[in-house]
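Trainee: I have a structure I would like to understand better, so I am pasting it below and will then ask my questions one at a time.
What follows is calculated from the coordinates using simple rules that are stated; it is not laboratory data. Model, not experiment: these values are computed from the prediction. In this analysis, Cβ positions are derived from the backbone assuming ideal geometry, glycine residues included, and neighbour counts consider all displayed protein chains.
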Amino acid sequence: MYTGSDNHELMSDINVTPFVDVMLVLLVIFMVAAPMMVQGVDVDLPQASSKPLKGEQDKLIISVDKDRKVYVNDQSINVEYLTDRLKNILENFSERNVYLRADKQVPYGIVINVVSKIKEAGVDSLGMITLPEEKEAS
């Protein structure tokens, strides 16, 4: 008969200390690396004297950079496919609102071409994203 006094018993507890150590190291790595992974389209926005709009959760932003490349929420797209792509995306949105960010160096004709492609997709409301005007120090 076994009395359990031997030191050869099987231990049924799981040692979670190495697991916690690895998780903490990964957490620190991701906390340091996450800000470096944030990318966006570099657009030099024009300034305007309008008040900012209230924030919305799901914003669909079309960007045109100084090299005349068009982006849908930071994904590059050929302007010829913009209308079809927007139609597919807007099927999932309850409100068909789109915001346009265009670099101030992009010619007016290019911006109007992008606006017409956006309107062809059936967008209800098109907003323009600008920077607030800087007030002169007096």
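Trainee: Find all pairs meeting these conditions: Cβ atoms under 7 angstrom apart; at least six residues apart or on different chains; first residue within the range 85-105 and on the phi < 0 side of the Ramachandran plot; second residue of a type in the set (Ser, Thr, Tyr) and surrounded by fewer than 17 Cβ atoms within 10 Å (Cβ to Cβ).
Mentor: Between residues of the range 85-105 that are on the phi < 0 side of the Ramachandran plot and residues that are of a type in the set (Ser, Thr, Tyr) and surrounded by fewer than 17 Cβ atoms within 10 Å (Cβ to Cβ), the close pairs are ASN97/SER125.
Trainee: When you look at LEU126, is it under 17 Å from VAL64 (Cα atoms), surrounded by 11 or more Cβ atoms within 10 Å (Cβ to Cβ) and in contact (Cβ under 8 Å) with a residue 24 or more places away in the chain, yes or no?
Mentor: For LEU126, the condition - under 17 Å from VAL64 (Cα atoms), surrounded by 11 or more Cβ atoms within 10 Å (Cβ to Cβ) and in contact (Cβ under 8 Å) with a residue 24 or more places away in the chain - is met.
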